[in-house]
Structures are given as structure tokens and as C-alpha cells.
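Notes follow once the structure below has been shown.
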Amino acid sequence: MSAQNQTSSFRYGGVNHVALVCRDMAKTVDFYENVLEMPLVRSMGIGAGHQHFFFDCGGGGTIAFFWFADPPAFAPGIASQPLDVRKDGMMSAIASMNHLAINIPIETFDAAVARLRDKGVECNVINHSDGPDGHPAEPTDQTWIRSVYFTDPNGIKMELAALTRPFAPSDILVEPMDEAGKPVPLRHKTPEPAV
Ligand SMILES: [Fe+2]
């Protein structure tokens, strides 16, 4: 997607897989295959009664799940995003898996939301936009990404996301905070394209 990837000596080709932990692998297979329509492409035992399954999420990537016989307890707000983000906000702990977004083409966005709702998935659509109204009800010419949020059977917060345009240097809007919350100047400013 970005020019950085074209010039990097690492030949990145997108995410290979993200590995999550499920409560019930049977329900997880049902949701990912039948609701999200992501085919199961590999299932395996990994010893001690544990399992590891992979679902094809397009673009050469997979969403992988572990099932552990006796895992640590579900910890929303720590290990993952809170279940009710409107009430509890969206923070989770350092190194947590906050939420997982899968690319979809912009022209399929509205149909994808309708299909999820037809299948009984509770959806929250947000048109992320620059300008004073950051979340307009309908997309505008300042909308940079359209997102539909929902929760999988394990309490994992998910998003189907459609970029409306390629990223540009003007998308770099703020400088990064250090651990103490102090902004640190970016070392490499991306030049604005010549006009
Ligand atoms: Fe996101």
C-alpha cells in the first residue's frame, strides 16, 4: 500500500496470520466459515490437547485461532477491547490485541454490512472522516476509511474496513508520544508531492 513497502529491503506482502485464542473452536469455525465466509484452510492438534486452526481472510493472509484446554480467563479491557466501547471506551493493555480489521473493497462496503446484519450480526458503522464532523452518518469527500465493527463469539472485536483512497503524506497528522506522553519529532518527514 505505501511507498515505504516498495523501497524496503524487506519484501513485505501483508500480514501472514494473526494468532488469537478462542473459547470454543466449534463455534469459532461456525462463525468464521458460515457468517464471515472465511474458509477453514488448516486445522491441527498441537499437543497437550490444544488446537490451532487457520481461516483464509483474503490477500494471502489467515486469521488463526488457538484453543487451549485450560487458558487464562477472558480479560476484556486488558487483553482485548472492552465489550461495550460506548460505555467503557476502547482502551486495552500494552501488547494486547485491541481489535482486528480485515480489508474489503469500498464498492462492497454497504453490501457487506447488509449481509452481516442479515446473518444476525450486530453492526456499528463508522465513516472515519477528517474535518469537524469526524464520524458523519454518511460518507463524505473527507472520509478516509469506512468501518463496520462487530464482535465474534469469543468477544474479539472485529472490523471490516474499506479505504476510500490511497494514503498520502498529509495523512501524517501528529507526532508520536514517548512513554511519558511527550511528543517526539518524527525523524523522517515524508515530503509533500511536487505539484
Ligand atoms: Fe481499526
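Among the candidates P132, P169, P183, P139, single out the residue that is more than 13 Å from the ligand (Cβ to nearest atom), surrounded by fewer than 14 Cβ atoms within 10 Å (Cβ to Cβ) and touching a residue at least 24 places away in the same chain (Cβ under 8 Å).
Of the residues listed, the single one that is more than 13 Å from the ligand (Cβ to nearest atom), surrounded by fewer than 14 Cβ atoms within 10 Å (Cβ to Cβ) and touching a residue at least 24 places away in the same chain (Cβ under 8 Å) is P169.
Is there any pair with a first residue in the range 18-41 that is in a helix (DSSP H, G or I) and a second that is hydroxyl-bearing (S, T, Y) whose Cβ atoms are under 9 Å apart and which are 6 or more apart or on different chains, and what are they?
The qualifying pairs are M25/S43; V29/S43.
Quickly run through the range 150-166 and pick out the residues that are touching a Lys or Arg at 6+ places or on another chain (Cβ under 9 Å), among the hydrophobic types (A, V, I, L, M, F, W, C) and more than 11 Å from the ligand (Cβ to nearest atom).
Listed by number, the residues that qualify are F150, A162, L163.
Which condition breaks for I106 when tested against (1) under 27 Å from T143 (Cα atoms); (2) surrounded by 12 or more Cβ atoms within 10 Å (Cβ to Cβ); (3) free of Cβ contacts under 8 Å to residues at least 60 places away in the same chain; (4) not assigned by TED's automatic domain parsing to the domain that holds T151?
(4)
Among the numbered conditions (1) within 18 Å of the chain's Cα centre (by Cα); (2) at pLDDT below 95, tell me where L160 comes up short.
Unmet condition: (2).
Could you give me the residue pairs with C-beta distances under 6 Å whose first residue belongs to the range 62-77 and is within 18 Å of A26 (Cα to Cα), whose second residue is assigned to a strand (DSSP E or B) and among the charged types (D, E, K, R) wherever it lies, and which are 6+ apart or on separate chains?
Short answer, once both residue conditions are applied: T62/D56.
Among (1) assigned to a loop (DSSP other than H, G, I, E, B); (2) within 15 Å of the ligand (Cβ to nearest atom); (3) small (G, A, S), which single condition is S147 missing?
Exception for S147: condition (1).
Rundown of residues vs (1) small (G, A, S); (2) over 19 Å from S147 (Cβ atoms), yes/no style:
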position: V15; (1), (2): no, no
position: M25; (1), (2): no, yes
position: G47; (1), (2): yes, yes
position: G60; (1), (2): yes, yes
position: I63; (1), (2): no, no
position: A79; (1), (2): yes, yes
position: M91; (1), (2): no, no
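For the range 75-115, which positions are more than 16 Å from the ligand (Cβ to nearest atom), under 16 Å from G155 (Cβ atoms) and assigned to a loop (DSSP other than H, G, I, E, B)?
The answer is A75, G77, I78, A79, L83, D84, A93.
The values are calculated or read from the model by the stated rules, or taken from the named source; none is laboratory data. Small disclaimer: the values here were computed from a predicted structure and weren't measured. Reconstructed Cβ throughout: ideal geometry from the backbone, glycine too, with neighbour counts over all protein chains shown.
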